[in-house]
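Take a look at the structure set out below.
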Amino acid sequence: MINIRGNLHTPVAQKTEIIDKDDEKLKELRNEYSDTAYEAVSTALMEMNEYNASGRYAIPEVWNRKEGRSATMKEIVQYVIEQLKIHKRKRFS
């Protein structure tokens, strides 16, 4: 039997990106519009990097607007089924 010592499981470090708060365009955005606009742009940049760090292009995503977050698969399926029921009723009425 081989005795292995040491940590076999190394946790993966989360990659974080720090938004440069001294960026001129972000400063202009905050001064000209509001903190809300600045936060929205900062969040969008972080999410684009999270989903596709290599290209930073937008990835389509189904959104739950009522709760302000990504929709779960269950919510998507429920929505599609509901839309099919509505379409079916209109078609046969």
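Values as computed for the structure displayed
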item: Accessible area in the full protein assembly, largest first, 1.4 Å probe, for ASP23, ASP35; result: ASP35, ASP23
item: LYS25-GLU47 FRET efficiency (beta carbon distance; Förster radius 25 Å; 0.05 resolution); result: 0.90
item: Label point distance in nm, ALA58-GLN78, each placed 7 Å from Cα along Cα→Cβ; result: 2.7
item: Sites LYS88 and ARG65 - FRET efficiency at Förster radius 30 Å, r taken between beta-carbons, to 0.05; result: 0.75
item: Rounded accessible area per residue of segment 19-93, 1.4 Å, Å²; result: 89
item: Percent accessible area from carbon and sulfur atoms, segment 28-93, protein chains only, probe 1.4 Å; result: 56
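The values are calculated or read from the model by the stated rules, or taken from the named source; none is laboratory data. From a predicted model like this one, the values you see are computed outputs, not experimental measurements. Here the Cβ is made from the backbone with ideal geometry for all residues, glycine too, and neighbour counts use every protein chain on show. Calculation scope for accessible area: heavy atoms of the full protein, side chains included, ligands and nucleic acids excluded. Shrake-Rupley method; radii C 1.70, N 1.55, O 1.52, S 1.80 Å.
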